[in-house]
Amino acid sequence: MPGHALHDAGPDAGSTETKESILVLDRDPGLQFAFVKHLESWSERCLLAEDAQDLLAKMDSEPEVCAVFLNIAAPGMHSVDLLEAIGEKDPETAVVLMTDYLDPSLALSLLKNGAFDYIRKPFLFEEIRVLLHRIREHRALRSQALALQVLQETKRVERQNLIDFMIGLANVIDAKSPYTKEHSDRVALMTKAFTRHLGLSEKEIEDISFGAKLHDIGKVGIPDRILEATGRLSKEDRQLMNDHPVTGAKILEPIEVMRDIIPMVLRHHENWDGSGYPDGLKGEEVPLGARIVKIVDYFDAITSKRPYREPLPDMEAIQVLEAERGRILDPSLTDRFIELIRKGGLRQPKVSGVLPAVRL
């Protein structure tokens, strides 16, 4: 089916033309018609595939495929095998699964094997438009990250450029939900105040504060519907959420100057009693920086507005911290943190909390 030149299909779509295509594999004629109608009304280039082999052939013939909308029961190839084949042709192509019913274990398997997201039928096409916007945002961030890595590897990146990029990425994550806006900034600022109160070295203060700024960087790939959920998450969505420390560490791992920041990103959900994740570390097995970020992150969460509750005043928050002392929070560090709150020295808005003690 002939397509048109496309532009960004996000809610604030512009008019810049590209040669990208959107491939759709679903045998339902009504859904095929709806995809062509809506995507072409957004000036997208929409192509229909008859089966898995036809889809892969079209990927070979198209200059660039932005996204594939794939019926999980599509004929011609098992879903996991088709995901693998699409990834081999172009790992940047986002695959969105469409289904009437998705077995939870299969959903998790497909997402772990490279699917960008899944959507249940029937759906509104505004959901498709938002998905396309997210896909392009995600691709832009990945492109910037790869470009930055190349620069770093060739020793031509300046320290401030690296800092600015990572801060920008953390801010993108904060902005994904109205309830997490400026969360990483607050955690970084309070962490700097706390580490100074503890009397740590300047390098420890800067590294741990920067780790606090980046602690949730792994949430960049988590679908908005999960981040904005107000009810209990499904087992599969909870697993995706719990994977964000590992994802964040993987984002930072290729960048040599981030090696001292990774422990805070990877370990900030480990608990003092060993009940945390990703590895169930216990007590002082958890790096000091991660234990510090854990306390500050927890405090900011309970003293900030959330969709399911109002924020706690500081004095009430202290009671919650004391209840969690020795369970999820380091007991001695919690005592020192409470001491800082009572002294009124925790919130220092004029203090920069995002400068890491790293050198290129």
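Here are a few things to note about the model shown:
- Subset tally (residues that are assigned to a loop (DSSP other than H, G, I, E, B) and either more than 26 Å from Ala323 (Cα to Cα) or of a type in the set (Lys, Arg) (or both)) for the stretch 228-281: 11
- Inside the stretch 30-56, residues that are among the charged types (D, E, K, R), over 17 Å from Lys89 (Cβ atoms) and in a loop (DSSP other than H, G, I, E, B) make up a count of 3.
- The set of residues in the stretch 302-360 that are part of a loop (DSSP other than H, G, I, E, B), modelled with pLDDT of 95 or more and loosely packed, with under 13 Cβ neighbours inside 10 Å contains only Arg327.
- Restricting the stretch 225-246 to residues that are surrounded by fewer than 18 Cβ atoms within 10 Å (Cβ to Cβ) and within 20 Å of Ile167 (Cα to Cα), the residue that is farthest from the chain's Cα centre (by Cα): Val246
- Any hit, the stretch 115-124, residues being more than 19 Å from Leu23 (Cα to Cα), modelled with pLDDT under 85 and crowded, with 19+ Cβ neighbours inside 10 Å: no
- Those residues of the stretch 82-115 which are of a type in the set (D, E, K, R), closer than 25 Å to Lys58 by Cα and either touching a residue at least 12 places away in the same chain (Cβ under 8 Å) or touching a Pro at 6+ places or on another chain (Cβ under 7 Å) (or both), in sequence order: Glu84, Lys89, Asp90, Glu92
- Selection of the stretch 213-227 for residues being out of contact with any Gly (no Cβ under 7 Å at 6 or more places or on another chain), assigned to a helix (DSSP H, G or I) and either modelled with pLDDT of 90 or more or among the aliphatic types (A, V, I, L, M) (or both) yields Val220, Ile226, Leu227.
- Comparison of Glu92, Glu40, Glu50, Glu62 shows that the only residue that is of a type in the set (D, E, K, R), touching a His at 6+ places or on another chain (Cβ under 8 Å) and assigned by TED's automatic domain parsing to the domain that holds Tyr118 is Glu40.
- Filtering the stretch 268-282 for residues that are in contact (Cβ under 8 Å) with a residue 60 or more places away in the chain, under 20 Å from Lys213 (Cα atoms) and either out of contact with any strand residue (DSSP E or B) (no Cβ under 6 Å at 6 or more places or on another chain) or of a type in the set (A, V, I, L, M) (or both) leaves an empty set.
The values are calculated or read from the model by the stated rules, or taken from the named source; none is laboratory data. Since the structure is predicted, the reported quantities are computational estimates derived from the model, not experimental observations. Neighbour counts run over all protein chains shown; Cβ positions are idealised from the backbone, glycine included.
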